[in-house]
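Have a look at the structure below before the remarks.
The values are calculated or read from the model by the stated rules, or taken from the named source; none is laboratory data. Quick caveat: nothing in here was measured; it's all calculated off a predicted structure. As a convention, Cβ positions derive from the backbone with ideal geometry for all residues, glycine included, and neighbour counts pool all protein chains shown. Ligands, DNA and RNA are stripped out before the accessible areas are found, and what is left, the full protein with its side chains, is counted by its heavy atoms. Shrake-Rupley method; radii C 1.70, N 1.55, O 1.52, S 1.80 Å.
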Amino acid sequence: MNYAALSTAIQDYTQNYEQTFIDNIPVFVTQTEERIYNTVQLPPLRKNVTGIMQTGNKYLTAPQDFLSVFSLAVVDGDGNFEYLLNKDVNFLRAAYPNPADTGTPKYYAIFGPEVINGTPNNELSFIVAPTPDVGYDVELHYYYYPQSITTSGTSWLGDNYSPALLYGSLVEAYIFMKGEQDMMAYYEGKFKEALSQLNRLGTGLERGDAYRDGQAKIKVTQ
């Protein structure tokens with residue numbers, strides 16, 4: 001389902017063709033997308049980026065579309081990957097209280113927004129410990145907000161599992177219209193059902209295979 005079809009379906013389901021309502025359909029959809037991306041971990045919504053840690057600098061800037069970490073690794077001069085362990089900032093500070101303590105980073109924490117010239121940047125950053133002793137290559141695997149279907153016209157979610165988008169958008173639409181509680185509850189139920197099925201795909205089927213997990217089967221009763 002592309003955005004044009006989704007927008008038409010929302011109008012037809014609600015039987016609302018007022019211009020103010022139509023103008024707010026992108027808001028309904030983007031709010032639904034964010035609910036989905038913060039509820040279900042979908043492997044197709046992961047990104048991989050590489051960068052370089054500066055010698056003596058324990059901070060690393062997160063990508064602008066960063067949502068959450070899947071893995072963070074440093075790569076030594078021989079090309080070996082060393083995956084960092086996620087810890088709290090206070091653990092890093094306690095374990096390595098002196099920034100002059102350098103070596104191959106072993107731990108990382110989400111430090112918060114960077115401050116540039118006294119102004120918060122809003123983008124998150126990482127802190128690692130110990131402080132890098134050389135300029136290590138780094139590889140970050142992370143979850144991100146993909147471009148919304150409202151601007152791209154199509155999306156992975158729209159192409160592969162549109163019910164979650166449709167029913168979630170209908171919930172937002174009924175909230176906007178201050179619609180009937182029974183219909184709002186109905187669409188919320190359909191949305192949760194779609195999320196459950198999407199979660200089965202994202203955290204189940206796409207994370208296993210028949211060799212390791214066996215084929216899905218229903219117990220036979222006599």
Worksheet item: Any idea how many residues of the range 18-61 are at pLDDT 95 or above, open to solvent by less than 60 Å² (accessible area, probe 1.4 Å) and farther than 16 Å from ILE149 by Cα?
Response: 1
Fill in: Cβ pairs under 6 Å, 6+ apart, first in the range 143-172 and free of Cβ contacts under 8 Å to residues at least 40 places away in the same chain, second in a helix (DSSP H, G or I) and aromatic (Phe, Trp, Tyr)
TYR167/TYR187; TYR167/PHE191
Item to complete: Write out, first by first residue and then by second, each pair whose Cβ atoms fall under 9 Å of each other, whose residues are 6+ apart or on separate chains, and whose first residue, in the range 182-195, is more than 10 Å from VAL171 (Cβ to Cβ) and open to solvent by 40 Å² or more (accessible area, probe 1.4 Å) while the second is at pLDDT 95 or above and in a helix (DSSP H, G or I).
Response: GLU193/TYR167
Discussion item. Could you list, ordered by first residue, the pairs with Cβ atoms under 9 Å in which the first is in the range 79-107 and closer than 17 Å to HIS141 by Cα and free of Cβ contacts under 8 Å to residues at least 40 places away in the same chain and the second is open to solvent by 80 Å² or more (accessible area, probe 1.4 Å) and part of a loop (DSSP other than H, G, I, E, B), at least 6 apart or interchain?
Written reply: GLU82/LYS106; LEU85/LYS106
Item to complete: Would you point out the residue of the range 62-101, among those that are polar (S, T, N, Q) and open to solvent by less than 80 Å² (accessible area, probe 1.4 Å), that is modelled with the lowest pLDDT?
Response: SER68
